Structure formats: C-alpha cells, structure tokens
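In what follows, a single structure is set out as structure tokens and then discussed.
The values are calculated or read from the model by the stated rules, or taken from the named source; none is laboratory data. These numbers were taken from a predicted model, which means no experiment stands behind them. Glycine gets a Cβ as well: all are built from the backbone with ideal geometry, and neighbour counts include every protein chain shown.
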Amino acid sequence: MVGIVSYGAYIPRFRIDTGEIARVWGEDPNRAKKSLLVESKAVAGPDEDACTMAVEASRYAIRRWGGDPADIDVIYVGSESHPYAVKPTASILADALGASPHVMAVDLEFACKAGTAGLISAMAMVKSGMARFGLAVGSDTAQGAPGDALEYTAASGAAAFIVGSQGVIARLNGFHSVTTDTPDFWRRAGRPYPRHGGRFTGQPAYFKHILMAARGLMEKMGTGPEDYDFAIFHQPNTKFPLSAGKRLGFPKEKILPGIVVNKIGNTYAASMLMGLARVLDKAEPGQRILAVSFGSGAGSDAFDFTVTENIEAIRVDGVPTVDELIERGRFVDYAIYAKYRGKILMGDEE
Amino acid sequence: MRRVAVIGVGETKYGEHWEKSIRELAVEAGLRALEDAGISSEDLDAIVGGNMSAGSYTGQDHIGALIADFSGIADRHIPAIRVEAACGSGGAAIHVGFNLVASGMYDIVLVGGVEKQTDVGVDMSKEILAGASDREWEAFFGATFPALVAMMAKRYMYEYGDIREQMAMIPVMMHENAMNNPDAHFHRRITVDDVLNSPPIAEPFHLLDVAPVSDGAAAIILAPLDYARKNYDTVVELAGSAVATDYIGMHDRPSLITLAANVHASRKAFRMAGMEVRDLDLLELHDAFSFLPIVTLEDLGLAERGKGASLVEEGILSMDGDLPLSPSGGLKAKGHPVGATGVGQAVEAVWQLRGQAGKRQVPDAEKALIQSIGGTGATIAINLFRREK
C-alpha cells in the first residue's frame, strides 16, 4: 500500500485585504469579495521565499510523522517562484531537513500543479521500491503584476507531504493526469510577472482540464460523486472550485471543507495541497477524497485517497492545523505589502 | 435595377468560441444559410464578407478568398470580396451584395459576416476597436471608443436632461429578449439597478450599457426577387438598402446629438423600398452603447428630438409593444461579433418575417428595419425587409 504518511502546511503571517488592493487601484473594494469570493490573501514577509516556506511546511510534516529525515530517499519541490533560476530549492530543503546527502532531490515547475506532480512522482518511486519515503512540496510566493486582476489573489504558502508504504494515513486508490498545450497563463524567463489570457483562463483552461482529469479518474475507478466524502480542486478563487464541483455533481458541503482561498488567496503550487491538508486535519478513517490540481499551460492531476485509522496518530501537539495557520494572520496595508513583496524599486538596485 | 430577395439565412451561436477559428465560424454560418436556401455552395455566383479586423484579431486577412476556399468552392473561381466599415461592416456588406444582384451582374450572392475577437485580450481588443474612430485625431489622443460615444450621450443629457435610467432600460430589454434566442451570447436577466450599479466605463456608461466582445458569424443568401418567387413559398424582399457616411471624427460634426448618416441612409432606403417608418413591425438597432438607439429613434423620425428616451419608457419598444426593438437581444445580449453583427440582424429580420422566430416571434411581422453603425456614426447602413403577402 502506498499513500500519504504525513503532511504539513505553512502560511506566512501577513495578510492583505482585497479591498485594500482595490482602494489603491481605484476599483470597487467589494468586487473581489463578491465576484471571486476572496476576502484576503497571505503575504510572505521580507525574509521569506518559496524555499523558507517549503522548509517550514516540511518541518511540520516531519514532526507529525516522527520518522528519521534520513529515511527520505526522494524530494520534489514544485514551485513557479523558486528563488534561483539555476540552483535547486530541493537541495537547500534536503540539507535543512537533515535528509542529505543520500537523497535524490530536484525542483519541478508546472505552474500551479508542480506540487502535485511531485506528489505522484514520489509515490511512484515508493511504489516501485526505489525509495523508502518521499517528500513532495508545493510552495510559492506568487506574483501578480501591480494593478492586474491576478494581484487580488496571488498569494504565498507551502504544503508538504511525506509519502511511503508504512504508516499510511491516506491510501492512494488511483490517479489520473491530463496535459495539453494550452497557453492560458505564462511567465517568460527573466520577467517578474506572469501574463494571462483573461477569460481564456476559465472555460478552455481551468474547467476543461479539471473536469477532464476528475471524470477520467472516476471512470477509471468506477466511482461517482456519491462515493467521495470530500472533493478538493485547485482554487485560484472560491468561485471556480465551487463551479467545477457543481458541474461534476458534488454538493457544496463536500467542497467547502477543502476551501482555503477565501482567506489566504491562491497559493499556486500549494493551492490544492493546502486544501487537502485542511481536509486531512478533520477527516475520519474510512472517508474518501477526490483531489484535483490544475497547472496552467496546462494540465491536471487527479487523486483518489481513502483516509486510514493511522490519521489519529499524527494529530500531534505543536503542529498547527491549516485553520490555525489561517487564523493567525496579521493585516498589513498596501505600502507594507509592496515593500515585503519587493514591488518597490530600491536605490541600490541596478 | 432588379429587385432582390433573401432566400437563405444562417448564423452560429454568438459568444466565446474558444475551440473554433475564424474560418470555422464563417463556414458554419455559410453552410447553414445554404442549407436554409436549399442550394449548394456551387450555386453561388459571388461572395461578400463583412469583417472589421481579422488581421489584427487573428493575423488572418484576405477573408473573401478564405471563405470561398473553406466553403469548398475554390475551384469555382468566383469573386469573393471582403467589405469593411468598422462595426458597420455587416450592414455595408449587405448593401454591396444587394448591388451585385440588383445590377444584374450576379444572381446568387452569399453575404457573410464574421469576427473572432477572443483570440486577444481585452486591452488589445480595445485598441483594435479604436481603429473605428479617427486614429490620428481621436484615438492617438487617448479617446477610447466608449469615451467618444459617452461624449455624445453627455451632450444629449446637457441639452435634454438626465436619461440614465431610460438608457439602462435598453440593456434590460435586450437581456430579456435574448432569453428566447438560443444563439444569444447571454441568457441572463438583468435589472435597471444592475446596469446603474455595474462598474463605470466612461460616464455616463457603465459596464452593462455596453455590448460585449463576442465571436460569431452570420450569412444570408441574396437572389433576384423573381427567382425567389419561382422557387420559394415565403418570399422576403430586401426592399431597400442604403449606406451613408459622415465625418469620421466627432469634432468635425455640426451636432453630437444626431447622426447625419442615420438620416441620410434611412431616407434613401425608405424611398427605395417605397416604405414609411410607421409601416415597420420591428427594428434591429445597433445598441453597442445604450445611448445609440435613443438618438437613432429620433433620427428615424420615430420620436421628436429629445423624446427618444420617453419612447423607451413608454414600453412601445418591448416585445408586446407596437414596435419591438431587437427581438434577437440586440448587440448587448445577442452579442456583437463586429463584422457579423449587421448580417446577424438580417438573419433575425428574415426569421421574424417568415414567422420562424420561435418564442420571440413578433406576431404577423411583415416589415423590418436593421441598422448597422460603423465607428461613432461615420458609416451607417440601413436595410429594409418586406415579406410578400
């Protein structure tokens, strides 16, 4: 049996209200709240990046697990905001966790689904016997250009999953992935902000791939919406996952437990994984989960998990739940946000 | 001059066609029109295609030959020509097609219109559409297309008082009408409050005062009236067709609260058709901005100067009124795939006059007017349709 053996999440402490962003750009302060159902987003501090957040989330996962980091044989870090263009985040993470040097560690990039690509790849390594334990992390300090529609949701956060064949808390029942060449959202090398195709990012990109992957998986498994207790979808905003779920036949009650975007925004490579972590925080043994990521460019990974009785054992003190991480937010204004996110051109920059 | 009839009509659904290219849309509409006429593409003697900006939107120009080729008749070597008059391209294409048949030069002529707008982002689209105004004297100085029409509306309100609410009734009516049009871009009711509280675009226009960016295509087939009488039970004549122009830049026009091209084109078309404005059973007007139908009603002589808005308020233009306005849902709710729009209005007019308009049928409609505006009114095409009893 292969599956998730532990997990950890990390959300930076700072938040900005979407109304505050709207105020600066002269937009309706309630628009993002009403149309996207996103109230605020998480903002990484000046000393944080995708790597430090990956370390935080992974440390929580290891603390829950109680295992030896040296037993982790493979590490994947998925992000579209790796601090270095060349020099892996994964090698820093491996050293920081004490998993090095006898470990295969590598960075992945596939927009918002690089984290889940790492998750399935780590599980495959474990299942094939090439690794004892694997660690997959999705971590991003997502950037939206100032004034762009993305700025209301592009947020920071990380989620880490340890996978293995012993002490499994969520068994992998099945997996299905879809990929097409769909240019809905991209960032060229060397450019600070991504560009996107506006409404093209919806129907022909997000919905097409999410629905295709979810339907593909359910067909493979011979299941339907009624077989799952929770459905988690990539969440660029609150509206999209609710709408995707509705079109697949999932009632809102099965989707809402996995929603985090309303308070912390879209954490990109961590987005669906953060929703999965929130569901695992409260899931009961025997409950079944459908989880589908989406990465622009574009593709979706769909997972089918069943929670096992081992889940109780990893609910340890000293590791915050996703809700606890969400609740500890401190709001900053746009000026502080601009400073923290490096949006201010400093005098010594060339 | 020969009299001209419409023997076939067809259109695609209007909306966001992510999976279809401009050629697929054009061919889809064309084939529907041919099927409706019961003829094949090999029967065509000429093709006229209305299109504003395929080159900028999709990189594809040379639309005439493209349509002929992808209709499968490249080897027939018939003339196929694109007509461009900005947002009035469709109406202008009908006028050209009308003349080809009326002159006796060609018998069976397909008039198509197509636009694929969603291949570019919103900012790019705005930039392309600004080409409908005077680029050197208006657009280069920062005037967007909505801003220009907004100036007309502001001047109108300066002269005649606030008509914000009456203007808002037009998009509300259009969305209501579109509920019964399966080809419409939107199937969603809105209220006057929704319009007034939607995000501002250019004072006095808010988002819901303005037609959307749509993809779509429409086609009609023209033939001599005698041919139509011989071959079809119900005959709809294209009884009058006129295009008039005006100063392209608004600053040169003597007045901002009348569109001179409206007056000239409609007079000419009515004279040609031997019809009068009071004979009309329905209108399909160019409501790219909610203000435009109001000034048009006045230019057509349906309302006195300054009274166009009260006509809207009185309910005459609603589906159960005396003169329904755009049963299709208009540009606002049926959609506005620029080059297709005017031709799509003709498709609606013909369905209405044949009694084939389903739930949005205007009872026993006999005479219809369609209006296509290019730019801020520098080109206006008026086409009049009449069903033979």
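Here are some conditions: (1) surrounded by fewer than 14 Cβ atoms within 10 Å (Cβ to Cβ); (2) outside any helix (DSSP H, G or I). Residue A:319 meets all but one. Which one does it not meet?
(1)
Condition (residue is part of a loop (DSSP other than H, G, I, E, B), at pLDDT 95 or above and more than 14 Å from every other protein chain (Cβ to nearest Cβ)) applied to segment A:262-280: is it met by at least one residue?
yes
Suppose the filter is at pLDDT 95 or above, buried (at least 18 other Cβ atoms within 10 Å of the Cβ), touching a Gly at 6+ places or on another chain (Cβ under 9 Å) and within 22 Å of residue A:170 (Cα to Cα); does residue A:254 pass it?
Against the criterion (at pLDDT 95 or above, buried (at least 18 other Cβ atoms within 10 Å of the Cβ), touching a Gly at 6+ places or on another chain (Cβ under 9 Å) and within 22 Å of residue A:170 (Cα to Cα)), residue A:254 qualifies.
What number of residues in segment A:132-143 are surrounded by fewer than 24 Cβ atoms within 10 Å (Cβ to Cβ) and either closer than 20 Å to residue A:48 by Cα or in contact with a Gly (Cβ under 6 Å, 6 or more places away or on another chain) (or both)?
1
Go through the residues of segment B:8-19 one by one and say whether even a single one is modelled with pLDDT under 95 and not β-branched (Val, Ile, Thr).
yes
Of (1) more than 14 Å from chain A (Cβ to nearest Cβ); (2) without any contact (Cβ under 8 Å) to a residue 40 or more places away in the chain; (3) not polar (S, T, N, Q), residue B:100 satisfies all except one. Which?
(2)
Residues checked against (1) within 14 Å of another protein chain (Cβ to nearest Cβ); (2) in contact (Cβ under 8 Å) with a residue 24 or more places away in the chain; (3) under 14 Å from the mean Cα position of the chain (by Cα):
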{"position": "A:221", "(1), (2), (3)": "no, yes, no"}
{"position": "A:226", "(1), (2), (3)": "no, no, no"}
{"position": "A:245", "(1), (2), (3)": "no, no, no"}
{"position": "A:250", "(1), (2), (3)": "no, yes, no"}
{"position": "A:254", "(1), (2), (3)": "no, yes, no"}
{"position": "A:258", "(1), (2), (3)": "no, yes, yes"}
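Do you know which residues across segment B:281-295 are part of a helix (DSSP H, G or I) and farther than 23 Å from residue B:386 by Cβ?
Within segment B:281-295, B:292, B:294, B:295 qualify.
Can you run down the residue pairs with Cβ atoms below 8 Å, 6 or more apart or on separate chains, where the first is in segment A:186-213 and at the interface with chain B (Cβ under 9 Å from one of its Cβ atoms) and outside any helix (DSSP H, G or I) and the partner is of a type in the set (Lys, Arg) and surrounded by 15 or more Cβ atoms within 10 Å (Cβ to Cβ)?
A:195/A:187
Is it the case that some residue within segment B:4-15 is out of contact with any helix residue (DSSP H, G or I) (no Cβ under 7 Å at 6 or more places or on another chain) and either within 22 Å of residue B:348 (Cα to Cα) or away from chain A (no Cβ under 14 Å) (or both)?
Looking for residues that are out of contact with any helix residue (DSSP H, G or I) (no Cβ under 7 Å at 6 or more places or on another chain) and either within 22 Å of residue B:348 (Cα to Cα) or away from chain A (no Cβ under 14 Å) (or both), one finds at least one in segment B:4-15, hence yes.
Go through segment A:224-261 and count every residue that is of a type outside the set (A, V, I, L, M, F, W, C), part of a helix (DSSP H, G or I) and under 18 Å from residue A:211 (Cβ atoms).
Total satisfying the criteria: 12.
Out of the residues in segment B:16-34 meeting the condition of being surrounded by fewer than 20 Cβ atoms within 10 Å (Cβ to Cβ) and of a type in the set (A, V, I, L, M, F, W, C), tell me which one is nearest to the other protein chains (Cβ to nearest Cβ).
B:18
Of everything in segment A:125-155, what is within 18 Å of the chain's Cα centre (by Cα) and free of Cβ contacts under 8 Å to residues at least 60 places away in the same chain? Give them in sequence order.
Result: A:144, A:150.
Regarding segment B:107-117, can at least one residue be identified that is among the polar types (S, T, N, Q), farther than 26 Å from residue B:77 by Cβ and within 14 Å of chain A (Cβ to nearest Cβ)?
Yes, segment B:107-117 has at least one match.
Here is a check on your reading of the model: is residue B:377 part of a loop (DSSP other than H, G, I, E, B), closer than 28 Å to residue B:96 by Cβ, more than 11 Å from the chain's Cα centre (by Cα) and touching a residue at least 12 places away in the same chain (Cβ under 8 Å)?
yes
Evaluate segment A:126-149: report whether one residue or more is within 14 Å of chain B (Cβ to nearest Cβ) and over 17 Å from residue A:296 (Cβ atoms).
yes
Looking at segment B:352-389, which of its residues are surrounded by fewer than 24 Cβ atoms within 10 Å (Cβ to Cβ) and more than 18 Å from residue B:273 (Cα to Cα)?
Listed by number, the residues that qualify are B:354, B:355, B:356, B:357, B:358, B:359, B:360, B:361, B:362, B:363, B:364.
From (1) surrounded by fewer than 18 Cβ atoms within 10 Å (Cβ to Cβ); (2) within 30 Å of residue A:237 (Cβ to Cβ), pick out the condition that doesn't hold for residue A:106.
Condition (2) is where residue A:106 drops out.
Among the residues of segment B:118-168 satisfying the criterion of being touching a residue at least 40 places away in the same chain (Cβ under 8 Å) and of a type in the set (Phe, Trp, Tyr), which is nearest to the other protein chains (Cβ to nearest Cβ)?
The qualifying residue nearest to the other protein chains (Cβ to nearest Cβ) is B:145.
Out of the residues in segment A:229-249 that are surrounded by fewer than 22 Cβ atoms within 10 Å (Cβ to Cβ) and not polar (S, T, N, Q), state the one that is farthest from residue A:156 (Cα to Cα).
Among those that are surrounded by fewer than 22 Cβ atoms within 10 Å (Cβ to Cβ) and not polar (S, T, N, Q), it is A:249.
On the phi < 0 side of the Ramachandran plot, within 14 Å of chain A (Cβ to nearest Cβ) and in contact with a helix residue (DSSP H, G or I) (Cβ under 6 Å, 6 or more places away or on another chain) - does that describe any residue in segment B:180-187?
Checking segment B:180-187: at least one residue is on the phi < 0 side of the Ramachandran plot, within 14 Å of chain A (Cβ to nearest Cβ) and in contact with a helix residue (DSSP H, G or I) (Cβ under 6 Å, 6 or more places away or on another chain).
Results for (1) farther than 22 Å from residue A:212 by Cβ; (2) within 14 Å of the chain's Cα centre (by Cα), shown as yes or no for each residue.
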{"position": "A:271", "(1), (2)": "no, yes"}
{"position": "A:289", "(1), (2)": "no, no"}
{"position": "A:298", "(1), (2)": "no, no"}
{"position": "A:308", "(1), (2)": "yes, no"}
{"position": "A:316", "(1), (2)": "yes, no"}
{"position": "A:332", "(1), (2)": "yes, no"}
{"position": "A:343", "(1), (2)": "yes, no"}
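For segment A:174-185, which residues satisfy the criterion of being away from chain B (no Cβ under 11 Å) and crowded, with 18+ Cβ neighbours inside 10 Å?
The answer is A:175, A:176, A:177, A:178, A:185.
Please indicate, with yes or no, whether at least one residue in segment A:144-162 is in a strand (DSSP E or B), β-branched (Val, Ile, Thr) and surrounded by 23 or more Cβ atoms within 10 Å (Cβ to Cβ).
yes
For segment A:202-228, name all the residues that are closer than 23 Å to residue A:297 by Cα and surrounded by fewer than 21 Cβ atoms within 10 Å (Cβ to Cβ).
Selection gives A:202, A:203, A:204, A:207, A:208, A:211, A:212, A:215, A:216.
Does residue A:174 satisfy the condition of being in a loop (DSSP other than H, G, I, E, B), of a type outside the set (D, E, K, R) and over 19 Å from residue A:261 (Cβ atoms)?
no
Check every one of the helices (runs of 4 or more DSSP H) wholly within segment B:115-186 and list those with 2 or more residues that are crowded, with 20+ Cβ neighbours inside 10 Å and of a type in the set (Phe, Trp, Tyr).
B:145-160
Please enumerate the residues belonging to segment B:187-216 that are assigned to a helix (DSSP H, G or I) and under 23 Å from residue B:122 (Cα atoms).
Across segment B:187-216, the qualifying residues are B:194, B:195, B:196, B:197, B:207, B:208, B:209.
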